[in-house]
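The structure appears right after this line, and notes come after that.
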Amino acid sequence: MSADELRCLVTGATGYIGGRLTPVLLERGHDVRVLARNPDKLADIEWRDRVKVERGDLGATESLIAAFDGVDVVYYLVHSMGTSSDFVEDEARSARNVVAAAQKTGVKRLVYLGGLHPSGKNLSPHLRSRVAVGEILLASGIETVVLQAGIVVGSGSASF
(Lines give C-alpha, C1' and ligand atoms only; values in the text may rest on other atoms or scores of the structure.)
Protein backbone atom coordinates (compact mmCIF):
# COMPACT_ATOMS: atom_id res chain seq x y z
CA MET A 1 0.00 0.00 0.00
CA SER A 2 1.36 3.41 -0.96
CA ALA A 3 1.42 6.40 1.39
CA ASP A 4 -1.47 7.95 -0.56
CA GLU A 5 -3.64 4.84 -0.47
CA LEU A 6 -6.42 4.80 2.07
CA ARG A 7 -8.25 1.77 3.38
CA CYS A 8 -11.88 2.78 2.95
CA LEU A 9 -15.17 1.23 3.97
CA VAL A 10 -18.33 2.39 2.24
CA THR A 11 -21.63 1.80 4.00
CA GLY A 12 -24.59 2.18 1.69
CA ALA A 13 -22.70 0.93 -1.37
CA THR A 14 -25.94 -0.51 -2.72
CA GLY A 15 -27.44 2.97 -2.70
CA TYR A 16 -27.20 5.81 -5.16
CA ILE A 17 -24.34 7.82 -3.62
CA GLY A 18 -22.35 4.83 -2.33
CA GLY A 19 -22.65 3.10 -5.67
CA ARG A 20 -21.07 6.11 -7.34
CA LEU A 21 -18.47 6.86 -4.66
CA THR A 22 -17.03 3.34 -4.61
CA PRO A 23 -15.68 3.32 -8.20
CA VAL A 24 -14.20 6.80 -7.69
CA LEU A 25 -12.31 5.58 -4.62
CA LEU A 26 -11.08 2.58 -6.62
CA GLU A 27 -9.97 4.80 -9.53
CA ARG A 28 -7.93 6.84 -7.07
CA GLY A 29 -6.07 3.71 -5.99
CA HIS A 30 -7.63 3.17 -2.59
CA ASP A 31 -8.26 -0.19 -0.95
CA VAL A 32 -12.07 -0.37 -0.73
CA ARG A 33 -14.41 -2.51 1.31
CA VAL A 34 -18.16 -2.20 1.22
CA LEU A 35 -20.65 -3.15 3.91
CA ALA A 36 -23.95 -4.74 2.96
CA ARG A 37 -26.69 -6.52 4.88
CA ASN A 38 -27.30 -8.49 1.72
CA PRO A 39 -24.09 -8.88 -0.33
CA ASP A 40 -26.08 -10.53 -3.13
CA LYS A 41 -27.37 -7.04 -4.04
CA LEU A 42 -23.84 -6.30 -5.27
CA ALA A 43 -23.47 -9.42 -7.43
CA ASP A 44 -23.97 -7.65 -10.77
CA ILE A 45 -22.15 -4.40 -9.96
CA GLU A 46 -19.25 -3.81 -12.39
CA TRP A 47 -16.74 -2.99 -9.61
CA ARG A 48 -17.78 -5.95 -7.38
CA ASP A 49 -14.62 -7.98 -8.05
CA ARG A 50 -12.40 -5.02 -7.06
CA VAL A 51 -13.74 -4.62 -3.51
CA LYS A 52 -14.03 -6.77 -0.42
CA VAL A 53 -17.67 -7.14 0.53
CA GLU A 54 -18.35 -7.38 4.25
CA ARG A 55 -21.71 -8.64 5.50
CA GLY A 56 -22.93 -6.40 8.30
CA ASP A 57 -25.77 -4.43 9.76
CA LEU A 58 -25.42 -0.99 11.33
CA GLY A 59 -27.98 -2.13 13.89
CA ALA A 60 -25.54 -4.71 15.30
CA THR A 61 -22.17 -3.43 16.54
CA GLU A 62 -20.53 -6.85 16.55
CA SER A 63 -21.21 -7.26 12.83
CA LEU A 64 -19.26 -4.06 12.19
CA ILE A 65 -16.05 -4.92 14.07
CA ALA A 66 -14.51 -7.21 11.43
CA ALA A 67 -15.57 -4.88 8.60
CA PHE A 68 -14.01 -1.82 10.29
CA ASP A 69 -10.78 -3.54 11.37
CA GLY A 70 -7.79 -1.97 9.60
CA VAL A 71 -9.88 0.74 7.92
CA ASP A 72 -8.71 4.36 7.81
CA VAL A 73 -11.99 6.02 6.80
CA VAL A 74 -15.63 4.95 7.00
CA TYR A 75 -18.11 6.58 4.63
CA TYR A 76 -21.49 6.60 6.38
CA LEU A 77 -24.10 6.78 3.62
CA VAL A 78 -26.97 4.81 5.14
CA HIS A 79 -30.35 6.18 6.20
CA SER A 80 -33.21 4.18 7.70
CA MET A 81 -36.14 6.33 6.67
CA GLY A 82 -38.81 4.17 5.11
CA THR A 83 -37.33 0.91 6.39
CA SER A 84 -38.37 1.12 10.04
CA SER A 85 -41.37 2.07 12.13
CA ASP A 86 -39.08 4.10 14.44
CA PHE A 87 -36.41 5.32 12.04
CA VAL A 88 -35.36 8.16 14.36
CA GLU A 89 -34.27 5.76 17.10
CA ASP A 90 -32.87 3.28 14.58
CA GLU A 91 -30.74 6.01 13.00
CA ALA A 92 -29.36 7.09 16.39
CA ARG A 93 -28.65 3.49 17.39
CA SER A 94 -26.87 2.85 14.10
CA ALA A 95 -24.72 5.95 14.58
CA ARG A 96 -23.79 4.86 18.11
CA ASN A 97 -22.91 1.39 16.79
CA VAL A 98 -20.71 2.86 14.07
CA VAL A 99 -18.92 5.00 16.67
CA ALA A 100 -18.40 2.01 18.99
CA ALA A 101 -16.99 -0.16 16.18
CA ALA A 102 -14.83 2.68 14.84
CA GLN A 103 -13.39 3.42 18.27
CA LYS A 104 -12.71 -0.25 18.96
CA THR A 105 -10.92 -0.78 15.63
CA GLY A 106 -9.01 2.52 15.38
CA VAL A 107 -10.81 4.09 12.42
CA LYS A 108 -9.20 7.49 11.82
CA ARG A 109 -12.03 9.35 10.06
CA LEU A 110 -15.78 9.19 9.58
CA VAL A 111 -17.46 10.87 6.61
CA TYR A 112 -21.22 11.28 6.91
CA LEU A 113 -23.69 12.50 4.32
CA GLY A 114 -26.66 14.09 6.06
CA GLY A 115 -29.40 16.41 4.95
CA LEU A 116 -29.21 20.09 4.16
CA HIS A 117 -31.20 22.06 6.72
CA PRO A 118 -31.58 25.59 8.02
CA SER A 119 -30.22 26.38 11.48
CA GLY A 120 -32.63 27.26 14.27
CA LYS A 121 -35.74 26.05 12.46
CA ASN A 122 -38.31 23.44 13.41
CA LEU A 123 -37.17 20.43 11.36
CA SER A 124 -39.10 17.38 10.23
CA PRO A 125 -38.39 14.12 12.08
CA HIS A 126 -36.42 13.02 9.00
CA LEU A 127 -34.08 16.02 9.08
CA ARG A 128 -33.84 16.03 12.90
CA SER A 129 -32.73 12.41 12.65
CA ARG A 130 -30.02 13.23 10.14
CA VAL A 131 -28.80 16.11 12.30
CA ALA A 132 -28.72 13.82 15.35
CA VAL A 133 -26.64 11.23 13.51
CA GLY A 134 -24.11 13.90 12.55
CA GLU A 135 -23.95 15.11 16.15
CA ILE A 136 -23.36 11.58 17.46
CA LEU A 137 -20.53 11.09 14.98
CA LEU A 138 -19.00 14.50 15.73
CA ALA A 139 -19.04 13.75 19.47
CA SER A 140 -17.16 10.46 18.93
CA GLY A 141 -13.66 11.87 19.32
CA ILE A 142 -12.87 10.51 15.84
CA GLU A 143 -12.12 13.05 13.11
CA THR A 144 -15.51 13.47 11.46
CA VAL A 145 -16.67 15.25 8.33
CA VAL A 146 -20.39 15.92 8.08
CA LEU A 147 -21.59 16.84 4.60
CA GLN A 148 -25.09 18.14 3.97
CA ALA A 149 -26.97 17.63 0.75
CA GLY A 150 -30.41 18.55 -0.46
CA ILE A 151 -32.49 15.94 -2.17
CA VAL A 152 -30.38 13.88 -4.57
CA VAL A 153 -32.05 13.18 -7.89
CA GLY A 154 -30.41 11.20 -10.62
CA SER A 155 -30.95 8.12 -12.73
CA GLY A 156 -31.18 5.26 -10.24
CA SER A 157 -31.75 7.37 -7.12
CA ALA A 158 -34.74 6.74 -4.84
CA SER A 159 -36.09 10.20 -5.69
CA PHE A 160 -35.81 9.80 -9.47
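General remarks:
- Number of positions in region 66-85 that are closer than 22 Å to Glu5 by Cα and either in a loop (DSSP other than H, G, I, E, B) or modelled with pLDDT of 95 or more (or both): 11
- Among residues of region 27-54, those that are within 15 Å of Tyr75 (Cα to Cα) and at pLDDT below 95, counted: 1
- Residue in region 71-82 that is under 28 Å from Arg28 (Cβ atoms), of a type in the set (Asp, Glu) and either surrounded by fewer than 16 Cβ atoms within 10 Å (Cβ to Cβ) or out of contact with any helix residue (DSSP H, G or I) (no Cβ under 9 Å at 6 or more places or on another chain) (or both) present: yes
- Going through (1) open to solvent by 60 Å² or more (accessible area, probe 1.4 Å); (2) modelled with pLDDT under 95; (3) assigned to a helix (DSSP H, G or I) one by one, Ser63 falls short only on (1).
- Filtering Ile17, Ile45 for residues that are surrounded by fewer than 20 Cβ atoms within 10 Å (Cβ to Cβ) and under 30 Å from Arg128 (Cα atoms) leaves a single hit, Ile17.
- Sole exception among (1) at pLDDT below 95; (2) open to solvent by 40 Å² or more (accessible area, probe 1.4 Å); (3) more than 30 Å from Glu27 (Cβ to Cβ) for Gly141, by number: (1)
- Reported count of residues in region 105-138, each being touching a residue at least 12 places away in the same chain (Cβ under 8 Å) and either in contact with a Cys (Cβ under 8 Å, 6 or more places away or on another chain) or more than 15 Å from Leu9 (Cβ to Cβ) (or both), is 15.
- Checking Val88 against (1) part of a helix (DSSP H, G or I); (2) at pLDDT 95 or above; (3) in contact with a helix residue (DSSP H, G or I) (Cβ under 7 Å, 6 or more places away or on another chain), the condition it does not meet: (2)
This table checks each residue for (1) within 21 Å of Ser140 (Cβ to Cβ); (2) small (Gly, Ala, Ser).
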{"site": "Asp4", "(1), (2)": "no, no"}
{"site": "Val10", "(1), (2)": "yes, no"}
{"site": "Leu25", "(1), (2)": "no, no"}
{"site": "Leu35", "(1), (2)": "yes, no"}
{"site": "Glu46", "(1), (2)": "no, no"}
{"site": "Ala60", "(1), (2)": "yes, yes"}
{"site": "Ala95", "(1), (2)": "yes, yes"}
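- Filtered residues of region 106-145 (kept if touching a Lys or Arg at 6+ places or on another chain (Cβ under 8 Å) and not in a strand (DSSP E or B)): His117, Ile136, Ile142
- Sub-6 Å Cβ pairs linking a first residue in region 58-73 that is within 19 Å of Val133 (Cβ to Cβ) to a second residue that is of a type in the set (Ser, Thr, Tyr) and open to solvent by 20 Å² or more (accessible area, probe 1.4 Å), at least 6 apart or interchain, are Phe68/Thr105, ordered by first then second residue.
- Region 1-41, residues that are within 16 Å of the chain's Cα centre (by Cα), among the hydroxyl-bearing types (Ser, Thr, Tyr) and either within 15 Å of Ala66 (Cα to Cα) or part of a loop (DSSP other than H, G, I, E, B) (or both): Thr11, Thr14
The values are calculated or read from the model by the stated rules, or taken from the named source; none is laboratory data. These numbers were taken from a predicted model, which means no experiment stands behind them. Note that each Cβ is placed from the backbone with ideal geometry, even for glycine, and that neighbours are counted across all protein chains shown. Just the protein is used for accessible areas: all its heavy atoms, side chains included, with ligands, DNA and RNA removed. Shrake-Rupley method; radii C 1.70, N 1.55, O 1.52, S 1.80 Å.
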